[in-house]
Amino acid sequence: MRKAAFWMLMVAVVLAPFAAARPPYRLQAINQFNLVADRGDVRTVSCQYCHVNANGGAPWNAFGNELRANFKGNIGDALYETLKAMKDSDGDGYADVLEVFAGTLPGDANSKPLVSVQFLMQNLEKAGGVDIYKAK
């Protein structure tokens, strides 16, 4: 019994960094938001799209709270529904979908696009509108 517990602990210790480094919700956001995936040991997308802390976990930022409110069992659908709502979670004047389109953080009022709302909206519509963020 002690030997089995020891080996289970060793497996958990070895695998924990891999599980924490690429949680499935983060990977879904990378894919669905058409973001650049991680390269090797370099994390290209922070958990701060939804969380206050760069490594995730509670607490969630304003966008993360909107996402949690839309979550009904499928993260891809929740991401899309949250963007489709056209809310400005962080109150910086840019709808969440425009922030994702511009590559800024929709839950951080200090992270906002450097171009106008109108410019972003026109370009989002040219790209296919909010539907470019439907779950894949």
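The values are calculated or read from the model by the stated rules, or taken from the named source; none is laboratory data. Since the structure is predicted, the reported quantities are computational estimates derived from the model, not experimental observations. Cβ placement follows ideal geometry from the backbone for every residue including glycine, while neighbour counts extend to all protein chains displayed.
How many of the residues making up region 90-136 are hydroxyl-bearing (Ser, Thr, Tyr) and closer than 19 Å to ILE30 by Cβ? Result for region 90-136: 3. Within region 120-131, residues that are touching a residue at least 40 places away in the same chain (Cβ under 8 Å) and surrounded by 11 or more Cβ atoms within 10 Å (Cβ to Cβ) sit with their Cβ atoms under 8 Å from residues that are among the hydroxyl-bearing types (Ser, Thr, Tyr) and in a helix (DSSP H, G or I), at 6+ positions apart or across chains, in these pairs: VAL130/TYR80.
Test ASP77 against the stated conditions and say whether it is modelled with pLDDT of 90 or more, farther than 22 Å from VAL117 by Cβ and not aliphatic (A, V, I, L, M). Yes, satisfied.
Here ASN70 fulfils each of the conditions (1) touching a helix residue (DSSP H, G or I) at 6+ places or on another chain (Cβ under 6 Å); (2) buried (at least 19 other Cβ atoms within 10 Å of the Cβ) apart from (2). The residue of region 51-64 that is modelled with the lowest pLDDT, among those that are surrounded by 14 or more Cβ atoms within 10 Å (Cβ to Cβ) and more than 18 Å from VAL130 (Cβ to Cβ), is GLY56.
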